[in-house]
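**Student:** If you scroll down you'll find the structure; I have some questions about it.
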Amino acid sequence: MPDLTPDWSNAIERARAFSPFLSRALDRLPDITALLDAGDGEGALAAAALAGEGAPDVSAALRRRRLATALALGIGDLAGAFPLAKVTGDLSALADASLDAAMAHAITTRVPDAQPAGFLALALGKHGACELNYSSDIDPILLFDPDTLPRRPREEPGEAAQNYARQVVRLLSHMDGEGYVFRVDLRLRPASEVSPLAISIDAALSHYESSALAWERAAFIRARAAAGDVALGEQFLAQIRPFVWRKSLDFGAIAEIGRLTRRIRAEHGKVSTVGPGFDLKRARGGIREVEFFAQGHQLIHGGRNPALRQKGTRAALDALAAAGIIDSGDAQVLGDSYDRLRTIEHRLQMISDLQTHALPRDMAAIDAVARLDGLPDGAALIEELRAITEMVGTRYDALIAEGSPVGGAGAAGETPRGLALEGELAQLGFADPPGVAARIDGWRGGTIRALRSEAALAALDAIQPSLLAALAKAPDPDKALARWERLITSLPSAVNLFRLLEARPALLQVMVRILALAPPLADELARRADLLDTLIDASALNLPGGVEALIADFSSSEAGDDYQRILDRVRRKVGERRFALGVQLIEGANDPLAIAASLSHVAQAAIDLLARATIAEFEQTHGRIPGAELVILGLGRLGGEALTHASDLDIVYLFTGDYAAESDGRRPLGATLYFNRLAQRISAALSVPTAEGALYEVDTRLRPQGTQGPLAVSFESFELYQREQAWTWEHMALCRARPLFGSDEACAKLSGIIHGVLTRAPSATLTADILDMRQKMAGHKPPRGPLDIKLMRGGLVDVEFLIHTLQLREGKALSPRLSEALAGLIAEGLLPPEMAQAHGVMARLLVASRLIAPDAAVPGEVARMALARACDLSDWQAVTQALLQARRDTAAAWAQIFGETLEITSDD
């Protein structure tokens, strides 16, 4: 008989040897470590509950309690002192308490002394069942009662609830020096794609009574009121009980779960046999299938038998066996298998406190997991898992098998269509016809909102053959298929998209290339499928006109256009232009440098139009300041007319006139406050999402004194700062500065100030400052991957440093456009002629890779060809050779200017 005596010392030794997370926690919490070493697990848990006392704020208190609890439970688990139910139960209780504290803090921060009434959190999933993982996120649904929710005077209940929800998520999820509390995922709320973070109780009731999906019924089997106004939450759950527990026997639930399972296996069961990379949660025979086995039977029979309405998986299996619905032997096997799988899942998560469910990819790391668990090696762990998952998988396969008595006739009737589809997919060349067929079957299962209507399914039928043929020919069919699924999942309605693709078959090919080659464009298309409309006209592959033409295009001819409509229209127009320019890039229609310039023109047009609209709106309340105006200065890629699809907007706000003046409106402001508030409004107009989506990220940190300084400064203050206080790096940034908005006179004056600063006698420490800055940058921001053209040594940052050094040292070639500045420096004999070619190769590759390879990794073969085409090179080998030569040329110029050697090899 095995020795069941807890072994605390051995547990601590294994934690120190194989769990970096627990090892660090042991070192950080010596008092709790001492209790654990002495075998006092309950004492350690009691101390952990008090670990937040004396913390400077709620955030630190919650994080300290969470770390201490994780340590005590982890070592107690490894020692064999705490059973799985205690570990998951205590973790769930900690989540309840943390949620409750965060919700109370969010309310009382805004409404001191208020009682946290009218705001509640429903726990779902493992949290609702008190079965939380060791390193789990939580999936609450936040609800509020508009009548009782505390809020500030004149604040709408919905506005207050969203503010509280954001604070709760931030307080619990944000990672800081103390760690985090729980990752919070709010996507289980009704219509999460379009709904606010917190939903009114009436709106939630309406959703569950009229338009909820089968998976939402399953989710609510384990729902409970966990935090906040718990009594109100229990009332809500009582009201939706008929939605979850239907009085009639619901055999269709198994068919729905079967469709969902096939999709999960197809998406997450890439490693189908137990071994490196195997997913314990979602692959065949894993944790999810035990849960679905229990929940499927609960959904069928729970409406008539309240005894089956158990939240815990093990309790549900036992109740089903006691009712004679499943075999008691199956219940025992599935229950024991579930406990062991959950325990191994905890071992995976204990190592680095990551929410992972998959075995590591290499055997050495699997060995570490096994030894942390107390097994001799990874081979023993894999052998045990193979036996467990086979037992679970066999029983679950029988449940969802087509033609099964439990599954009902609906599932059996799908067989001929499924086989025909698999044959079609095999002929098209898909690598995994059964897996793809399962995914396509899932489209029609009611889980995708856009495909619930008969009209949508009929429209899908019309394009499915040509769609599948196009996907099969995509550079990466699996990736294209996954992005297509994300696209249709995100749409409120897909009928118009399907009909467009049916009427314009050529668009299918373009769309599939977008899905396969350009992740940012695919994401944008998922948000706005109507962007495909812009590609119908052949002129979509032409570069747009200049800034003035774009301003005219973005402007409306309608009289009385209000401010919100202007914001929406500019976002819509900018989105269309950016999308079309992205398509030009992947189609190789235009030079990437010309596309980068056009992206800059689009941004400048948006700045001009939104600045004018915001000023007009602002002046209605605050009037004008006579003799003064706002000027907007662009820097970085915006100033240099070289934006990519990933660029933010580097902006500095300035104003002319007397800083002591006052505006003449009905609510007058002093000049400094006036222009700072106006600058805030313009930044918001450029960045805050509206119904038409987001526009740009705005970065104003290049202003005088950075984030410590005011948002807008006078010309005089700007000039004084640049001449007397600015660092060398700020003068380097000024080399790419270009006035974007303001009167011709004001822009000319600002350009004169900048020219005067840049042509002063250089600092004696100029070169040393620049080299020191580059060395620090290399240490703090290493290249993200082999295609990080910007940060790799000999890359674009080094080219920019060379150019700016010479501009500041010599006072020559002072153009904000790098190619023009480079040409001027070459003409002056200050840089070798080959630097023009080097910059051109790398600049083109950067613009294209920001769209095609945004993670800076080398992409697949067809994407590599798209990058080569964008750079006007024959193939990928030519790209790598040209890039290597460009970097070597840059290194040679670096050695010439700085006397410092850059090591450039083909392996970088």
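The values are calculated or read from the model by the stated rules, or taken from the named source; none is laboratory data. Note that the structure is predicted; figures quoted are calculated from it, not measured. Neighbour counts run over all protein chains shown; Cβ positions are idealised from the backbone, glycine included. For accessibility, only protein heavy atoms count, side chains too; no ligands or nucleic acids. Shrake-Rupley method; radii C 1.70, N 1.55, O 1.52, S 1.80 Å.
**Student:** Looking at Leu501, is it touching a residue at least 60 places away in the same chain (Cβ under 8 Å), within 20 Å of Phe579 (Cα to Cα) and either among the β-branched types (Val, Ile, Thr) or open to solvent by less than 50 Å² (accessible area, probe 1.4 Å) (or both)? So that I can check it myself, show each step before the final result.
**Tutor:** Numbers: touching a residue at least 60 places away in the same chain (Cβ under 8 Å): no; within 20 Å of Phe579 (Cα to Cα): yes; either among the β-branched types (Val, Ile, Thr) or open to solvent by less than 50 Å² (accessible area, probe 1.4 Å) (or both): yes.
Considered against the rule, which asks whether it is touching a residue at least 60 places away in the same chain (Cβ under 8 Å), within 20 Å of Phe579 (Cα to Cα) and either among the β-branched types (Val, Ile, Thr) or open to solvent by less than 50 Å² (accessible area, probe 1.4 Å) (or both), Leu501 comes out as no.
**Student:** Only residues in region 869-886 that are touching a residue at least 40 places away in the same chain (Cβ under 8 Å) count as the first member; pair them with residues that are open to solvent by 20 Å² or more (accessible area, probe 1.4 Å) and of a type in the set (Lys, Arg), Cβ under 6 angstrom, at least 6 apart or cross-chain, and list the lot.
**Tutor:** Cβ pairs passing all conditions: Cys871/Arg844.
**Student:** Taking the criterion of being in contact (Cβ under 8 Å) with a residue 60 or more places away in the chain and hydroxyl-bearing (Ser, Thr, Tyr), would at least one residue in region 665-683 satisfy it?
**Tutor:** Of the residues in region 665-683, the ones in contact (Cβ under 8 Å) with a residue 60 or more places away in the chain are 678, 681-682.
Still in the running and hydroxyl-bearing (Ser, Thr, Tyr): none.
Scanning region 665-683 turns up no residue that is in contact (Cβ under 8 Å) with a residue 60 or more places away in the chain and hydroxyl-bearing (Ser, Thr, Tyr).
**Student:** For region 849-901, name all the residues that are open to solvent by 20 Å² or more (accessible area, probe 1.4 Å), aliphatic (A, V, I, L, M) and either touching a Ser or Thr at 6+ places or on another chain (Cβ under 9 Å) or not in a helix (DSSP H, G or I) (or both).
**Tutor:** Ala857, Val858, Leu873, Leu884, Ala895, Ile897
**Student:** Quick one: count up the residues across region 302-319 that are crowded, with 21+ Cβ neighbours inside 10 Å and assigned to a helix (DSSP H, G or I).
**Tutor:** Counting residues in region 302-319 that are crowded, with 21+ Cβ neighbours inside 10 Å and assigned to a helix (DSSP H, G or I) gives 6.
**Student:** Is it the case, given these coordinates, that Val181 is buried (at least 16 other Cβ atoms within 10 Å of the Cβ) and of a type outside the set (D, E, K, R)?
**Tutor:** So Val181 passes the test.
**Student:** With (1) within 39 Å of the chain's Cα centre (by Cα); (2) within 30 Å of Ser714 (Cβ to Cβ) as the list, and Phe801 as the residue in question, which single condition is left unmet?
**Tutor:** (2)
**Student:** Looking only at region 53-74, decide whether some residue is surrounded by fewer than 24 Cβ atoms within 10 Å (Cβ to Cβ), without any contact (Cβ under 8 Å) to a residue 40 or more places away in the chain, in contact with a helix residue (DSSP H, G or I) (Cβ under 7 Å, 6 or more places away or on another chain) and part of a loop (DSSP other than H, G, I, E, B).
**Tutor:** Yes: region 53-74 contains one or more residues that are surrounded by fewer than 24 Cβ atoms within 10 Å (Cβ to Cβ), without any contact (Cβ under 8 Å) to a residue 40 or more places away in the chain, in contact with a helix residue (DSSP H, G or I) (Cβ under 7 Å, 6 or more places away or on another chain) and part of a loop (DSSP other than H, G, I, E, B).
**Student:** Give Ala470, Ala462, Ala456 a once-over and let me know the one that is surrounded by fewer than 16 Cβ atoms within 10 Å (Cβ to Cβ) and at pLDDT 80 or above.
**Tutor:** Of Ala470, Ala462, Ala456, the one residue that is surrounded by fewer than 16 Cβ atoms within 10 Å (Cβ to Cβ) and at pLDDT 80 or above is Ala462.
**Student:** Any idea which of Leu734, Leu711 is touching a residue at least 12 places away in the same chain (Cβ under 8 Å) and either basic (Lys, Arg) or over 24 Å from Leu766 (Cβ atoms) (or both)?
**Tutor:** One residue alone meets the criteria, Leu711.
**Student:** Take the residues in region 430-453 that are farther than 24 Å from Glu861 by Cα and outside any helix (DSSP H, G or I); name whichever of them is modelled with the highest pLDDT.
**Tutor:** By that ranking, first place goes to Ile448.
**Student:** Can I ask one more? I need every pair where a residue in region 17-41 that is on the phi < 0 side of the Ramachandran plot and open to solvent by 70 Å² or more (accessible area, probe 1.4 Å) has its Cβ under 7 Å from the Cβ of a residue that is of a type in the set (Gly, Ala, Ser) and in a helix (DSSP H, G or I), sequence separation at least 6 or different chains.
**Tutor:** Every condition considered, the pairs that remain are Asp31/Ala47; Asp37/Ser9.
**Student:** Going by the structure shown, is Gln604 among the polar types (S, T, N, Q), touching a residue at least 12 places away in the same chain (Cβ under 8 Å), part of a helix (DSSP H, G or I) and buried (at least 18 other Cβ atoms within 10 Å of the Cβ)? Talk me through it step by step, then tell me what you get.
**Tutor:** Details: among the polar types (S, T, N, Q): yes; touching a residue at least 12 places away in the same chain (Cβ under 8 Å): yes; part of a helix (DSSP H, G or I): yes; buried (at least 18 other Cβ atoms within 10 Å of the Cβ): yes.
So Gln604 passes the test.
**Student:** Is one or more of the residues making up region 405-425 of a type outside the set (Ser, Thr, Tyr) and modelled with pLDDT of 85 or more?
**Tutor:** We begin by selecting, within region 405-425, every residue of a type outside the set (Ser, Thr, Tyr); these are 405-414, 416-425.
If we keep only those that are modelled with pLDDT of 85 or more as well, we get 425.
Yes, region 405-425 contains a residue that is of a type outside the set (Ser, Thr, Tyr) and modelled with pLDDT of 85 or more.
**Student:** Ala694 fails exactly one of the following numbered conditions: (1) surrounded by fewer than 18 Cβ atoms within 10 Å (Cβ to Cβ); (2) of a type in the set (A, V, I, L, M); (3) modelled with pLDDT of 95 or more; (4) in contact with a Ser or Thr (Cβ under 8 Å, 6 or more places away or on another chain). What is the number of that condition?
**Tutor:** The one condition Ala694 does not meet is (3).
**Student:** Given the criteria surrounded by 22 or more Cβ atoms within 10 Å (Cβ to Cβ) and not in a helix (DSSP H, G or I), does Ala106 qualify?
**Tutor:** No; evaluated as a whole, the condition is false for this residue.
**Student:** Would you be able to tell me the number of residues in region 745-759 that are in contact with a helix residue (DSSP H, G or I) (Cβ under 8 Å, 6 or more places away or on another chain) and open to solvent by 90 Å² or more (accessible area, probe 1.4 Å)?
**Tutor:** Qualifying residue count, region 745-759: 1.
**Student:** Is it the case that Arg774 is basic (Lys, Arg), open to solvent by less than 60 Å² (accessible area, probe 1.4 Å) and free of Cβ contacts under 8 Å to residues at least 40 places away in the same chain?
**Tutor:** Answer is yes for this residue.
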